[in-house]
Amino acid sequence: MTVREALTRAETECKAVPDPRLDAEYLLSQALGVPRLQLLLEKGRELTGEQQAVFSAWVGRRKAREPLQYILGSQRFMGFDFKTDARALIPRQDTEAVCEETLAYLRPGMRALDLCTGTGAIAISLKKLCPGAEVTAADISADALSLARENAAALEARVRFLEGDLLAPVAGERFDLIVSNPPYIPEGLRGRLQREVEKEPSLALFAGPEGLDFYRRIAAEAPDHLTEGGRLVLEIGDGQGAAVTALLSEGFEDIRVFNDLSALPRGISARKKEGA
């Protein structure tokens, strides 16, 4: 089987996925261990039996709508490669806007906390891009934390990881910055999302009837864990800007919604009110 034949067959088998040709190219380039663009220049190349077997297995997984990033085993985020598998939510490019907003305030010597860390993408990126900061990451999922620790080790990032429910693991501690990409999908959308998304951990996706459960908790609890003038940065879902702003208005000021690279509202930045 040639590269051309393998790609054509995979595209046909995966015709129900959003972009079957591109996914087939990524899978085959990984199976052959060559860059995707090089693959496209070698369409007459013959696959070995082992390469065919690996590629066929991966195509079967993609046909079943397993996320491409889980099959490939990694995802690029903020210039770093993060290991990805079913233990945690896949880092999205949109979330880079949240990380960049946090970095705009983070300085060496500051203490930063990443809640619902998942793969550790935000926390590890903060530490790599601001090495002088002290970064802590927390998650309720032991599986997610095990993956985050693997990523930190691979990227040589000294991040403290804690297991527990939201802010419970840092009782009595204060931080200069708290950042989070919490679950924010309304429960009513369960079973109606893209099939790939439904295969990610539901613990990291759904947050009550309106998708606001975690924002309510963070708005109420975060002020006790922030230094005076400390800042909170949150990722938000579609149409949640006004609701989350209202939730933050009691304990925070200088509340600002910011956009991602697609010019869509993606996050909220807020400063703790004096005395809150």
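The values are calculated or read from the model by the stated rules, or taken from the named source; none is laboratory data. Note that the structure is a prediction, hence the values are computed from the model and not measured. Here Cβ is always computed from backbone atoms with ideal geometry, including for glycine, and neighbour counts include all displayed protein chains. Please note that ligands, DNA and RNA were not included when accessible areas were found on the heavy atoms of the full protein model with its side chains. Shrake-Rupley method; radii C 1.70, N 1.55, O 1.52, S 1.80 Å.
Quick notes
- Linear extension gain, Leu193 paired with Asp94, 0.36 nm per residue minus alpha-carbon span: 33.9 nm
- Accessible area expressed per residue, the chain, with surrounding protein chains retained (probe 1.4 Å, Å²): 46
- Each Lys and Arg contributes +1 and each Asp and Glu -1, all at the Cβ; summed about the Cα centre of the chain, the dipole is approximately 560 debye.
- Contact order relative to length of the stretch 62-104, as percent, for alpha carbon pairs under 8 angstrom and 6 or more apart: 27
- Computed over the chain: relative contact order in percent, which uses C-alpha pairs under 8 Å that are six or more apart: 14
- Among the GluC sites (Glu not before Pro) within the stretch 204-276, those in coil by DSSP and having at most 16 neighbouring Cβ atoms inside 10 Å are Glu210, Glu250, Glu274.
- With N as its number of residues, the stretch 57-201 has a Cα radius of gyration that, divided by 2.2 N^0.38 Å, comes to 1.06.
- Count, lysine Cα pairs under 18 Å in the chain, 8 or more residues apart or across chains: 5
- Accessible-area composition of the chain, carbon plus sulfur, in percent [1.4 Å probe]: 50
- Only protein heavy atoms count here; on that basis, with a 1.4 Å probe, Leu37 has an accessible area of about 120 Å².
- Derived scalar couplings between HN and Hα for the stretch 159-171 equal 10, 8, 10, 10, 9, x, 7, 6, 8, 4, x, 10, 3 Hz in order, rounded to whole Hz, by the Karplus curve 6.51 cos²θ - 1.76 cosθ + 1.60 (θ = phi - 60°), x for Gly and Pro.
- Take the Kirkwood radius over Cα pairs of the stretch 48-96, plug it into Stokes-Einstein at 25 °C and 0.890 mPa s, and you get 205 µm²/s for translational diffusion.
- Amide H within-cut-off set for Val135, under 5 Å, with H built and near neighbours excluded: Ala112, Arg160
- Span from the the stretch 21-48 Cα centroid across to the the stretch 61-96 one, whole angstrom: 19
- Centre-to-centre, using Cα atoms only, the stretch 220-242 and the stretch 126-158 are separated by 21 Å.
- For the stretch 1-153, with +1 on Lys and Arg beta carbons and -1 on Asp and Glu, the positive-most of Ala6, Pro67, Leu129 along the dipole: Ala6
- Extension gain for the segment Glu221 to Ala168, taken as residue separation times 0.36 nm less the Cα-Cα distance, is 18.1 nm to one decimal.
- Against the criterion of solvent-accessible heavy-atom surface with a 1.4 angstrom probe, Ser262, Ser141 sort, most first, into Ser262, Ser141.
- Label zone at Arg61 (point 7 Å along Cα-to-Cβ), backbone N below 12 Å, the stretch 111-135: none
- Annotation: the antiparallel percentage among DSSP beta bridges lying fully within the chain is about 45.
- Kirkwood radius and radius of gyration were both taken over the C-alpha atoms of the stretch 194-274, and their ratio Rg/Rh is 1.01.
- Kirkwood-type hydrodynamic radius, the stretch 86-136: 11.2 Å, calculated from all non-identical alpha-carbon pairs.
- The slack between Val34 and Thr8, meaning 0.36 nm per residue of separation minus the straight C-alpha distance, is 7.5 nm.
- Binning the alpha carbon pair distances of the stretch 128-276 at 10 angstrom intervals from zero yields the distribution 10, 35, 39, 14, 0, expressed in whole percent.
- Computed from backbone phi with θ = phi - 60° and the Karplus coefficients 6.51, -1.76 and 1.60, the 3J(HN,Hα) list for the stretch 270-276 is 8, 9, 4, 5, 4, x, 6 Hz; x is used for glycine and proline.
- Computed over the stretch 233-276, the ratio Rg/Rh where both radii use C-alpha atoms and Rh is Kirkwood: 1.00
- ³J(HN,Hα), Karplus 6.51/-1.76/1.60, whole Hz, each residue of the stretch 122-138, x for Gly, Pro: 5, 4, 5, 5, 4, 5, 5, 8, 9, x, x, 7, 9, 10, 10, 10, 10
- Shape box of the chain [Cα atoms, principal axes, largest first, Å]: 69, 40, 33
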